[in-house]
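J.: Supplied in structure tokens, the structure appears directly below.
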Amino acid sequence: MLAVILCPLYETIMRKQNEIKGAGQTIFALASGQARAGVAVIRISGPASFNVLKKLTSKPISRARRAYLRTLSDEDGVKIDEALVLHFAGPASFTGEDMAELQTHGSLAVIERISDVLLSLGLRQAEPGEFTRRAFENGKMDLTEAEGLADLIDSETEGQRQQALKQMQGGLRNVYEGWREKILDALAFIEGEIDFPDEDGVPTNLAHRAVSGLQALARNIEHVLSDSGRGERVRHGVDIAIIGAPNAGKSSIINYLAKRDAAIVSSEPGTTRDIVEVHMTIAGLPVRFSDTAGLRKTNNEIEAEGVRRAGRRAKEADIRVAVIDCQDTGLHEDLLGRLRSGDFVLFNKSDLPTPRIVLNVSHETFYVSAITSDGFSEFQKALESSVSVRFSAAEQSGLTRSRHVNSVQKVLASVNKAITSLDLSPELAGADLREALHGIKELAGETDIEAVLDRVFSSFCIGK
């Protein structure tokens, strides 16, 4: 009996899907936010896009890339909504396929009803990042540009927006395509000597003409790698650790910077046991300040763990701010020994009448007071300048992910091997340069790296 009931239902569903050619390869998703809004945008991509649009609307859509006001109806002719509709003919579309877009009212009921109708027509709900993945697979962008688009969607600060936009517009592609051209030029010399060793008119030691070009290429790649930390800091943010002895005023300083009571302030030493974090934006970049436990020897097990974590955070931070009590006349060798070039020293509690201590340090120093605000303006200006110079997005699009760095390191290693191999055998140098080209293909996403692609595109939101 159940089979008798289900078979006609299955046949009805299959008949509806077969009415629209390519429905099974066509996807849709809500591209705007999930919350209640005035307008919702539903994207459709695939071979059935135009036919689906005809099914939904009561009037034909004659011209691509032009918005039309149309009534959307279900298969029984029941009106769902009035919407602006557009279509884009592939390959001149975001995905490279035929696409349609429905700009409906933002009612959840409208969105759900349209989704039900699209599913009944045989379309499939898009996976996260599937529109962008189709654009990548159809040659509309390379993998680095797709990653730039993901970063742009996730950007929260001006610096992140600028960097992501450069990468999305092909900034990194331009860099590695220049490398590819130089490697191919070098290969031309090498292959010329291999293929025509005894030909008249072919210069002797032709392959060695590639050496100077490869050496210049290696220097350029090394420069890009040395600057890779900048791109990753723009994406993830800059870590600043506030360190010092107990009761130096670290918590008061982080509260002043945060403009709120983020950390507990007490005259009792050792109040801060765990790390307290405050997130801010400085010079257009996300910054994480960490208030750490006071650095001292202690028999208290919990405080000792806090001190250990403070030391680790100080070691891992991009910038360290050492806080010293103006009344503390100690040498502070352990604290100052943790600092590196570009770090800061704050002599706190400068409002007290006690004479200010003077230490011979090689770092920028400021006398500040969290009570009167003295000195903070100068310190904040210096900190903003340091963050901007050291970590803001470079003019040329660089490496922003560990995946980029790993691929480029492979390219550099292969180029350096080729330079060495030229003294041994042109054939070996040629093989090394082909490995370098493979590394560039990995960077661009041109090789079979399915696991990497899955990770990249799964990070996108649905509808993109």
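J.: Just checking, which of Thr57, Thr71 is buried (at least 16 other Cβ atoms within 10 Å of the Cβ) and either touching a Ser or Thr at 6+ places or on another chain (Cβ under 6 Å) or under 20 Å from Leu123 (Cα atoms) (or both)?
T.: From the options Thr57, Thr71, the qualifying one is Thr57.
J.: Hey, another quick one. Whether any residue in segment 133-145 is farther than 30 Å from Thr281 by Cα and aliphatic (A, V, I, L, M) is what I want to check.
T.: Taking every residue of segment 133-145 in turn, at least one turns out to be farther than 30 Å from Thr281 by Cα and aliphatic (A, V, I, L, M).
J.: Can you go through Gly77, Gly22 and tell me which one is on the phi > 0 side of the Ramachandran plot, out of contact with any strand residue (DSSP E or B) (no Cβ under 7 Å at 6 or more places or on another chain) and free of Cβ contacts under 8 Å to residues at least 12 places away in the same chain?
T.: Numbers: Gly22 fails: free of Cβ contacts under 8 Å to residues at least 12 places away in the same chain.
Being on the phi > 0 side of the Ramachandran plot, out of contact with any strand residue (DSSP E or B) (no Cβ under 7 Å at 6 or more places or on another chain) and free of Cβ contacts under 8 Å to residues at least 12 places away in the same chain holds for just one of Gly77, Gly22, which is Gly77.
J.: Do the conditions hold for Ala83, that is, is it buried (at least 22 other Cβ atoms within 10 Å of the Cβ) and touching a Ser or Thr at 6+ places or on another chain (Cβ under 6 Å)? Reasoning before the result, please.
T.: Details: buried (at least 22 other Cβ atoms within 10 Å of the Cβ): yes; touching a Ser or Thr at 6+ places or on another chain (Cβ under 6 Å): yes.
Yes.
J.: Out of everything in segment 150-161 that is assigned to a helix (DSSP H, G or I) and without any contact (Cβ under 8 Å) to a residue 60 or more places away in the chain, what residue ends up being surrounded by the most Cβ atoms within 10 Å (Cβ to Cβ)?
T.: Filtering segment 150-161 for residues that are assigned to a helix (DSSP H, G or I) and without any contact (Cβ under 8 Å) to a residue 60 or more places away in the chain, the one surrounded by the most Cβ atoms within 10 Å (Cβ to Cβ) comes out as Leu152.
The rows are residues; the columns are (1) out of contact with any strand residue (DSSP E or B) (no Cβ under 6 Å at 6 or more places or on another chain); (2) not assigned by TED's automatic domain parsing to the domain that holds Gln25; (3) not in a loop (DSSP other than H, G, I, E, B).
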{"residue": "Gln103", "(1), (2), (3)": "no, no, yes"}
{"residue": "Val117", "(1), (2), (3)": "yes, no, yes"}
{"residue": "Arg133", "(1), (2), (3)": "yes, yes, yes"}
{"residue": "Phe136", "(1), (2), (3)": "yes, yes, yes"}
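J.: Which of the numbered conditions does Glu147 fail, given that it passes all the others? Conditions: (1) modelled with pLDDT under 90; (2) crowded, with 22+ Cβ neighbours inside 10 Å; (3) among the acidic types (Asp, Glu).
T.: Single failed check for Glu147: (1).
J.: Name the single residue, out of those in segment 351-368 being of a type in the set (S, T, N, Q) and at pLDDT below 85, that is surrounded by the most Cβ atoms within 10 Å (Cβ to Cβ).
T.: Thr354
J.: Hey, another quick one. Of the residues Ile42, Ile80, which single one is within 30 Å of the chain's Cα centre (by Cα) and part of a strand (DSSP E or B)?
T.: Result: Ile42 is the single residue among Ile42, Ile80 that is within 30 Å of the chain's Cα centre (by Cα) and part of a strand (DSSP E or B).
J.: What tally of residues in segment 315-330 results from selecting those that are modelled with pLDDT of 85 or more, exposed (fewer than 14 other Cβ atoms within 10 Å of the Cβ) and assigned to a loop (DSSP other than H, G, I, E, B)?
T.: Qualifying residue count for the region: 0.
J.: Okay, next question. Would you confirm whether or not segment 374-384 contains a residue that is over 33 Å from the mean Cα position of the chain (by Cα) and either farther than 30 Å from Gly213 by Cα or part of a strand (DSSP E or B) (or both)?
T.: yes
J.: When the residues of segment 17-39 are filtered to those that are of a type outside the set (A, V, I, L, M, F, W, C) and part of a loop (DSSP other than H, G, I, E, B), which remaining residue is surrounded by the most Cβ atoms within 10 Å (Cβ to Cβ)?
T.: Thr26
J.: Which of the residues spanning segment 253-303 are among the hydrophobic types (A, V, I, L, M, F, W, C), more than 17 Å from Val238 (Cβ to Cβ), surrounded by fewer than 20 Cβ atoms within 10 Å (Cβ to Cβ) and at pLDDT 75 or above?
T.: Answer for segment 253-303, where residues must be among the hydrophobic types (A, V, I, L, M, F, W, C), more than 17 Å from Val238 (Cβ to Cβ), surrounded by fewer than 20 Cβ atoms within 10 Å (Cβ to Cβ) and at pLDDT 75 or above: just Ile302.
J.: From the list Gly342, Gly337, exactly one residue is farther than 18 Å from Ile254 by Cβ and without any contact (Cβ under 8 Å) to a residue 12 or more places away in the chain. Which is it?
T.: Numbers: Gly342 fails: without any contact (Cβ under 8 Å) to a residue 12 or more places away in the chain.
Going through Gly342, Gly337 in turn, the sole match is Gly337.
J.: Right, something else. From the list Gly106, Gly96, Gly129, which one is buried (at least 22 other Cβ atoms within 10 Å of the Cβ) and either without any contact (Cβ under 8 Å) to a residue 12 or more places away in the chain or not aliphatic (A, V, I, L, M) (or both)?
T.: Gly129
J.: Let me ask another. Could you check segment 162-179 and list, in sequence order, the residues that are surrounded by fewer than 17 Cβ atoms within 10 Å (Cβ to Cβ) and either aliphatic (A, V, I, L, M) or under 23 Å from Glu222 (Cα atoms) (or both)?
T.: Correct list: Gly170, Asn174, Glu177, Gly178.
J.: Which residue, of Glu333, Glu395, is within 22 Å of the chain's Cα centre (by Cα), at pLDDT below 85 and acidic (Asp, Glu)?
T.: On the way: Glu333 fails: within 22 Å of the chain's Cα centre (by Cα).
The unique qualifying residue is Glu395.
The values are calculated or read from the model by the stated rules, or taken from the named source; none is laboratory data. Source: prediction; values computed, not measured. Please note: Cβ atoms are built from the backbone with ideal geometry, for glycine as well, and neighbour counts cover all protein chains shown.
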